[in-house]
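Undergrad: Here's a structure for you.
All of the numbers you see were taken from the coordinates with simple rules; none came from a lab. Here the structure is a predicted model, which is why all the values come from computation and not from measurement. Cβ atoms come from the backbone with ideal geometry, glycine included; neighbour counts cover every protein chain shown.
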Amino acid sequence: MMRPAGIKFRIKQGAEKRHDLQPALLRDCAGATALEFAMIAPVFLMIIAGSLDLGQMVYAKSVLDGAVEKAARDSTLETVSTQAADNIVKKAVWEILPAARVSATRKNYFDFNNANRGEELDDVNGDGECSLGEAYTDLNGNDAWDEDLGDEGNGGANDVIVYTVNVTYEPVFAMPMVPLDWSTREISATAVKRNQPFGKQSGNYSARPKVC
């Protein structure tokens, strides 16, 4: 079927126009900056938010370390309330992280050598428990194997205290597009001090072989 001459001319003219447009489109840079910004901006914003988040955490950790050291020193005196010492830490933390959850624990030991230590156990089956027939060393004389020799509380005169404070908070500069378990941050600080000799120290550790 033959096409009319007018139609052929228009088709040829349209093809030539499209051919002429290609170099022009390749030379046209309008909108390139907007496209580049759209590609770079999310990464740039994440770097800024991450830097602010990290800075907040580092600063809060520094303040927490200092407050815990002071509270631990104050708690070694007979006349100081441990609650008052804990409040010092909370006040320091809340000035930076107003909605933070602050929890503190104290464990007391007879000496530094056994701080944060448990009694030796011949764990034959490797289950981490004192199973029937396994031998252990009873240091505190309570006729039971203790994974941690420490007793709860601030102890007495000359006792060694392990004071630990944990802080959980929601960051002000939360990272976007990250897993949900990143929605909270946790920092902690620990100080080990010996109570002042305001009295005679009670208790001691002596090795007594026992069997579970």
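Undergrad: Need one number: nm distance between label points at residue 91 and residue 113, each 7 Å from Cα along Cα→Cβ, rounded to one decimal.
TA: Roughly 4.0 nm, to one decimal.
Undergrad: How much net charge surrounds residue 207 when only other residues with a Cβ under 15 Å from its Cβ are counted (Lys, Arg +1; Asp, Glu -1)?
TA: With Lys, Arg at +1 and Asp, Glu at -1, the neighbours total -4.
Undergrad: Note down the relative contact order for the stretch 73-212 as a percent, whole number, built from C-alpha pairs under 8 angstrom at least six residues apart.
TA: Result for the stretch 73-212 is 32 percent.
Undergrad: Under the classification rounded if a/c is under 1.5, otherwise prolate if a/b is larger than b/c and oblate if not, where does the stretch 69-171 fall, given a ≥ b ≥ c as square roots of the Cα gyration tensor eigenvalues?
TA: Oblate.
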